[in-house]
1. Here's a check for you: in region 200-249, which residue that is in contact with a Gly (Cβ under 6 Å, 6 or more places away or on another chain) and among the small types (Gly, Ala, Ser) is nearest to Lys123 (Cα to Cα)?
2. Just give me the residues in region 328-348 being under 16 Å from Asp149 (Cα atoms), touching a residue at least 60 places away in the same chain (Cβ under 8 Å) and part of a helix (DSSP H, G or I), in sequence order.
3. Out of the residues in region 1-25 that are free of Cβ contacts under 8 Å to residues at least 24 places away in the same chain and assigned to a helix (DSSP H, G or I), state the one that is nearest to Asn113 (Cα to Cα).
4. Could you tell me which numbered condition Ile105 fails, if it satisfies all but one of (1) crowded, with 21+ Cβ neighbours inside 10 Å; (2) of a type in the set (Val, Ile, Thr); (3) out of contact with any helix residue (DSSP H, G or I) (no Cβ under 6 Å at 6 or more places or on another chain)?
5. For region 283-299, which positions are part of a helix (DSSP H, G or I) and within 14 Å of Val197 (Cα to Cα)?
6. With respect to the numbered conditions (1) modelled with pLDDT of 95 or more; (2) surrounded by 20 or more Cβ atoms within 10 Å (Cβ to Cβ); (3) outside any strand (DSSP E or B), which one is the sole condition not fulfilled by Gly33?
7. Can you tell me which condition Arg121 does not meet? The list is (1) at pLDDT below 90; (2) under 18 Å from Leu6 (Cα atoms); (3) not polar (S, T, N, Q), and all the others hold.
8. For Val37, which of the numbered conditions (1) more than 15 Å from Ile3 (Cα to Cα); (2) in contact (Cβ under 8 Å) with a residue 40 or more places away in the chain fails to hold?
Amino acid sequence: MKIRILGIRGVPAAHGGFETFAEHLCHHLVGIGWNPVVYCQEDGTGEMWTDEWMGIERVHIPVSNPGPLGTIIFDWKSMRHAAKERDPCLVLGYNTAVFLFLLRIRSIPNAINMDGIEWARAKWGPIAKLWFWLNDWAGCWLGKHLVADHPQISKHLSSRVSTKKITMIPYGAVPVRSADPSLLERWQLEQGRFLTVIARPEPENSLLEIVQGFSKQRRGVKLVVLGNYDRSNAYQKLVLESGSDEVVFTGAIYEKPVVESLRFHSLAYVHGHRVGGTNPSLVEALGAGNAVFAHDNRFNRWVAGDGAQYFSDAETFSALLDEVLSDGAELKKMASASLLRFESEFTWPIVLRKYESLLRGISESQSAQAP
């Protein structure tokens, strides 16, 4: 079977969660004899070209425009090409879902992963929010089948389309069972003597509340915060200035072994995201066996489950740390609960088999309709 995958920058993964998922999915599909085709965005000008990487066909499309405009142009060109080929399609993300009309008018079977509720994020201005809101509706109307990565996203989509049109499949991750502790030496970190936070420094991710709550008193452990912080940004400057000397801002880290070492050797993981579906960073923390402190909302509660501890602001986070950090038995119990939750729902074999079943269904629907 041939499946075309659109909506990402390409494979191998280098940009984010959807790319990582697409790479895992493609390897799985190649392993069962399918022919996945991935559209890849390239910087520059010229004609598109194709090649093969690890059994995956790649269609490279050069785009000279930077930023969001370049992404929109790339998505348009990808969708036009896919529509001409007429193979079943998997679209990752709804940011340019209006282009799905090209598949719709040709009756091409497709599934679209509707991602999170992007238009609700505080970081976007009014025009961007309107664009995402319109495309959210467009994805629901034009997509043949919708994938939700969280039960609450399913609930959101079911207010617009029939539940028969929706399949819930969460994000997955690779478990981390060991990691090199020497990679912690650059920050003088001791195994099991620090907490980690991995998130973009934006208000909706509760970075300020986390840093302020942690810094209310001496903890005897470090708080390690990954991400790029710029003092010219008012919010990021406030976060930086709110940290005690026990808070370590590492900057952005892209080396996978280093991130895995920080996760695996953490005393606990702190997750402040307030909006979204199944967040990859939280799933990865579960897969590393981290005890989890998470912002208290409907998204995080389903992902992390009853074994995590939840906070709502700086004060409740500080009180939670006062109560739990010195309780080794409770932290161990939380870590065990994280692994159990991960194994029950978020391993790649579980996730990819669900996608295989979905894609097989839309492919067979095309065969059934063929004259």
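The values are calculated or read from the model by the stated rules, or taken from the named source; none is laboratory data. In this text, all values refer to a predicted model and were calculated from it rather than measured experimentally. Neighbour counts run over all protein chains shown; Cβ positions are idealised from the backbone, glycine included.
1. Out of the qualifying residues, it is Ser206.
2. Scanning region 328-348 gives Phe342, Glu345, Trp348.
3. Here the residue is Glu19.
4. Only one criterion is unmet by Ile105, namely (1).
5. Val283, Glu284, Ala285, Leu286
6. Going through the list (1) modelled with pLDDT of 95 or more; (2) surrounded by 20 or more Cβ atoms within 10 Å (Cβ to Cβ); (3) outside any strand (DSSP E or B), Gly33 breaks only (2).
7. Of the numbered conditions (1) at pLDDT below 90; (2) under 18 Å from Leu6 (Cα atoms); (3) not polar (S, T, N, Q), the odd one out for Arg121 is (2).
8. For Val37, the failing item is (1).
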